[in-house]
Amino acid sequence: MENKSNNQIKLVKDEAKYKLTVTKSLEDKIRYLCAMFNDREYSGALFYKVDGSFNDGSLNIVCVDFCLCDIGTSTYTEFETKPEVITYMCDNDLLDCYIGLLHSHQCMSTFFSGTDTDTLKSEGSSMPHFVSLIVNNKGEYTAAITSRITRWFRGTVDESVDTFGGGTESSSTVEKSFSDTCIRYNYLDITVERDPWFDDIRDKIDSINREKEVLNKKDLKMYYDTPVQLKMFDTDEDEDIEVSDVVINPAACERIIKKTLCPDKQNGSITEYVQEFLKKGKISDTALKKRMLALLKRECGSDEYSFAFSNLCNDLTLFIEDYDFVCDNKLMADKVNDVLNRLFDIVIEIMGW
C-alpha cells in the first residue's frame, strides 16, 4: 500500500464558506494584546467549540478563549504546544473545546501568507480539522478551517511480460490498493461580538483619515520636491548617523526590502536576503516593483496617492541610502550595494520622482 508524505499532500481550496464567531470575552482579550504588542506578532492556542455540521452548511465555529504562547518579531511568530496549554484548559473549564491557532499580523492586513498556508497543510495533515484565525490591530479578522480527505482505491491489474520474437512470456492478475490524501480548506465568514462603539469609532477614524488624505494631496508635490536629507540635521561632518536617526519607520523599511527580495524567506539579515535573492537568478524590475508596491500599500494601509504612502517611500529611500551593513567579502559587499541601488531606483520610479 502506498502512502504520501506531507510534502506530497496537496492543499486544495474549497469555495464553500462556513461561519466563525468570536465571543465578546475573547475579542476583549485580542484587543488588549494587540494594544500591548502593536508592532510585534503574537500567537497561541485558540480554544473553540463547534455547532452544526459541514453536511448541511450549518457549521459554526465558536471561538471562546486564547492562551498566549509566543511574542515574536514584527513579521514572525511561532510556538510549540506546551503542557501549560493543557493546564490553562483545566483551570479555565475548556476541556470540552478543540484547539486551533490564533496569531496576529500587527499593523498589516489579515491574510494567509505562504507560511500560514504551510501551517494549514502541516497541521491539517495531522488531525481531522484545524482552525486558524488571524487578527490585527485594526480589528480585522481572517480565518480558515481544514478537512483531511482520504480516498481509497482498490482493484485488480492485469500484467503481461513481452519477450523476444513478439511473444508473451507470462501474464498475471495482481491485486492493487492505494490511497490518496489531500487537505481541503475553507475560509470562514466571521462575526465578532464587540461593543457597538467599536465599529463606530473605527468608521470615524477611517473617515477622518480620508479627509486628511484629500487635503494632503494638494501639498504633496511641493513637500516631496525638497525631501528630507542628512544635511538638514545639525551634526558634525565626521559624525556617523544611524539610519534610525533620520528614518521614521526603519523596521517597516527593512521588512519591505527583505520581502521584496525573498517573499518566502522568514528571517535573517538584509545581506542574507540579498544572497538568497542572487541565488534565484534574474528577476525583472517589473516583478520587483510589483512586490514592493504591494508591500508599501500593506505597511501603510493605504494606496499610492496617500500621504502615509509617500512618507513611507521617502523613509525607504533614506534607509537604503544610509544602510550600513557588515560584509568581509568585498565582492559580496559590491553585490549587496548593487541590489540596494536597484531597489532605490524602483522606489524612485514608484514615486515618479
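Details
- Some residue of region 18-31 being assigned by TED's automatic domain parsing to the domain that holds residue 146, part of a helix (DSSP H, G or I) and under 20 Å from the mean Cα position of the chain (by Cα): yes
- Candidate set from region 284-296 (those that are surrounded by 14 or more Cβ atoms within 10 Å (Cβ to Cβ) and without any contact (Cβ under 8 Å) to a residue 60 or more places away in the chain); member that is nearest to the chain's Cα centre (by Cα): 295
- Only one of 189, 162, 158 that is modelled with pLDDT of 75 or more, closer than 30 Å to residue 102 by Cβ and not aliphatic (A, V, I, L, M): 189
- Residue within region 78-99 that is of a type in the set (A, V, I, L, M, F, W, C), crowded, with 19+ Cβ neighbours inside 10 Å, assigned by TED's automatic domain parsing to the domain that holds residue 24 and under 30 Å from residue 294 (Cβ atoms) present: no
- Within the set 156, 119, the sole residue that is without any contact (Cβ under 8 Å) to a residue 40 or more places away in the chain and exposed (fewer than 12 other Cβ atoms within 10 Å of the Cβ) turns out to be 156.
The values are calculated or read from the model by the stated rules, or taken from the named source; none is laboratory data. As the structure is a prediction and not an experimental result, all values here were calculated from the model. When we count neighbours, we look across all protein chains shown, and the Cβ atoms used for this are built from the backbone with ideal geometry, even at glycine.
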